Amino acid sequence: MITLASDFGSPYPAAMKGVLLERTDARLVDVAHDFPRQDVRAAAFWLRETLPYFPPATHLVVVDPGVGTDRDALVVRAGQCTLVGPDNGVLRPVARELAGDGALEYFRIDDDHDDLVPVRLGNATAAKSTTFHGRDVFAPAAAIVHETDRESLAARAVLSPTDDVVDLVLPEATVADDRATGEVLVVDDFGNVVTNVPGTSLEGRDAVRANDERVPVERTFAAVDPGERLATVGSHGYVELDVNRGRGEEAFGLEPGDVVVLELESESG
Amino acid sequence: MITLASDFGSPYPAAMKGVLLERTDARLVDVAHDFPRQDVRAAAFWLRETLPYFPPATHLVVVDPGVGTDRDALVVRAGQCTLVGPDNGVLRPVARELAGDGALEYFRIDDDHDDLVPVRLGNATAAKSTTFHGRDVFAPAAAIVHETDRESLAARAVLSPTDDVVDLVLPEATVADDRATGEVLVVDDFGNVVTNVPGTSLEGRDAVRANDERVPVERTFAAVDPGERLATVGSHGYVELDVNRGRGEEAFGLEPGDVVVLELESESG
Amino acid sequence: MITLASDFGSPYPAAMKGVLLERTDARLVDVAHDFPRQDVRAAAFWLRETLPYFPPATHLVVVDPGVGTDRDALVVRAGQCTLVGPDNGVLRPVARELAGDGALEYFRIDDDHDDLVPVRLGNATAAKSTTFHGRDVFAPAAAIVHETDRESLAARAVLSPTDDVVDLVLPEATVADDRATGEVLVVDDFGNVVTNVPGTSLEGRDAVRANDERVPVERTFAAVDPGERLATVGSHGYVELDVNRGRGEEAFGLEPGDVVVLELESESG
């Protein structure tokens, strides 16, 4: 199984699928192709929250603002999974998650290697572009990786071990007494504001004051009337600031990267 | 085969796919993940018009404004198909269609059952959320249902027979003499206004007066000039109010739920 | 393998998938369903740039502004691939590409043939519509074609050889000395303005003056600061007018079909 994730929109992912299917019979599964454009951190978050639910797979990820520059192209072996994508940190948070207690292993893709040259049906020659490495580097590399026994990756001429890789750590919130200070990680498609404040900080709390607005702590959206605000523990385990049947990011005026200060209130307090 | 339909947008459906694929090798087919948000009636319409074209399958449907409340999680056996989703009526119109002359059978999903707990690769524990039952209840249930002989569903500990279920009936139009009174069921992606007036009411008619605008009855969009309005029998068998290469809902000022009165005109009349 | 491409948005492509899967176990791969609405030329461009990367396949294409009129429904045998879609030119540029030095063969689909009548589960009869031939003509035809040996297509009663087909040729640019005159073929999802000026015309050039704005010629987006304009050879081999991390079509004020005049500048010149 090979999953695909990118910020390519449409129809560029189809060219990647063609390249993959020309080289492998693997099942292909789209994760998303509408990640926020060139936003490495948002993609890293969504991958970390999504890919661990898949069975062992090869994960192809292309969110690549540095395409064509000298940034490396990477293969990461993480637990039972293998990740393929640009070396800009996007693969790191999910790789750590997938590896569990195990070590991560990195391989640099030789992106000029002949093994990667795409094939085109008909007369036209497939020339490697400087702007679409998803098609011309990462997809063929993912097919090669998927068709290679995981223990034999180092033997593939197109790969060489490396440990000089870009890291990315998603920011952590500070929780002390009745106050949590964190930031907005992403706003999801529903408009829910996903913070990095651990959901456990809402235990025993009745309400939070978020940037000076007091909202109730609820377990479900439907606990408040349509259009009303709430704080809840979202499906990622973090505190979310939401509106039932509405858009939290508009009601709270928050966007990714914004600082969030939550005053944690309980009835007894 | 398992189909997936939801109002989740992106990337939440991918987590459902991961959960499914961790448990089954079934082919997965997306129906849509952009159903109008939390609009049970629109989803019920689209499912009824789409799923009967598939071969027998397990259909996973998550349009779930009551997620986390005490609404039931359902499995419906309908003809040769099995449907999985929240008990809010969304499954009923398509289930009746798929069952033909046969009876519908319902099973309540025990959504706290250990069999449903998702698996995550790596170290993190997968905790059941109160806001994403698509991932934590319905997807694992659909995988279980799909891997269970349909006659044996009642024997699965996670399911118990029930007949206390929410119904939903799409509204029907009234057609009498030269007048049809109905409502807008959905507006499709092209902007076509799909009413619930049966297409047969246009037989022998040359034009309709729709909310006092007279438009010709045509068999194809291209029968009128680009930008011009028409009434036609759409692919669902209902009267649609459309604009050739334009958006009917803007030209007619109609949206889902609006009442539509059609005066049916013929040259001879 | 059957690929699907259309301008249908959602959820209409799902009905086509149901019809296909009722008749074939082929792998289905979406190319795109958000091609610019009823824009035959844009679809022809994207297909030509995408489908050759796939292994041999049946390609189902429905961009069909003339649905329901007397335009033909076509099957095209091109090299190792078979294309199915309306006879409006959309299949021609990619067919020529896929055929390489080989000839193209055309078959007209008898769209009233009983073999095409879709099957519906349950009691309802599937009636052929006049507005959704993707579901009622092209998808069943694609399934039939896919399940038929390519040499035996002419023996299928639903197909008859023809050579009276609509052509479409994407426009070519004129390059002379220091000036290229072409037009905008498409604007991609990133906002990149894809012209029909061959990328080779940028060889040895440092800058271009595009409609009187001077922009540097670069190999990568990241060679200029975010928000800055550039000209580059895009992944299709044509000159693109882009903005790093921004939208070229807004910065240059260009849209598909617009004429583009590029003055080609070099330092030595």
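The values are calculated or read from the model by the stated rules, or taken from the named source; none is laboratory data. Remember, predicted model here, so these are calculated numbers, not experimental data. Cβ placement follows ideal geometry from the backbone for every residue including glycine, while neighbour counts extend to all protein chains displayed. What goes into the accessible areas is simple: the full protein's heavy atoms, side chains included, and nothing from ligands, DNA or RNA. Shrake-Rupley method; radii C 1.70, N 1.55, O 1.52, S 1.80 Å.
Details
- Counts of other chain beta carbons within 10 angstrom of each beta carbon in peptide A:43-50 average 3.
- As a fraction of the 1.4 Å probe accessible area of the range C:113-269, surface on carbon and sulfur atoms comes out at 42 percent.
- Compactness of the range A:1-139, taken as the C-alpha radius of gyration over 2.2 N^0.38 Å, stands at 1.00.
- Accessible area in the full protein assembly, largest first, 1.4 Å probe, for C:249, C:147, B:151: B:151, C:147, C:249
- Taking every residue in A:77-86 and counting other chain Cβ atoms within 10 Å of its Cβ, the average works out to 1.
- In summary, the lysines within cross-link reach of residue C:128, defined as a Cα separation below 21 angstrom excluding same-chain residues under 8 places away, comprise C:17.
- Given charges at beta-carbon only (K, R positive; D, E negative), |dipole| of the range A:107-193 in Debye: 500
- The protein assembly as shown shape via C-alpha gyration tensor axes, a/c threshold 1.5: rounded
- A Förster distance of 30 Å, applied to the separation of the beta-carbon atoms of residue A:152 and residue B:126, puts the FRET efficiency at 0.45.
- For residue C:112, inter-copy separations between label points set 7 Å beyond Cα along the Cβ vector come to 6.4, 6.4 nm, shortest first.
- Cα centre as origin, Lys/Arg/Asp/Glu Cβ charges: the protein assembly as shown dipole, Debye: 1520
- Among C:229, C:179, C:92: highest mean-square fluctuation, GNM of chain C, C-alpha pairs under 10 Å: C:179
- For chain A, the share of DSSP beta bridges that are antiparallel, to the nearest 5, is 75%.
- Quotient of Cα Rg and 2.2 N^0.38 Å for the range C:178-243, N being how many residues it contains: 0.99
- Summed over the residues of chain A and divided among them, the accessible surface reaches 37 Å² per residue at a probe radius of 1.4 Å.
- Across the identical copies, how the residue A:161 labels are spaced - nm, sorted shortest first, 7 Å along Cα→Cβ: 6.2, 6.2
- Positive end of the dipole of chain B (Cβ unit charges, origin at the Cα centre): among B:224, B:119, B:129, the Cα lying farthest that way belongs to B:119.
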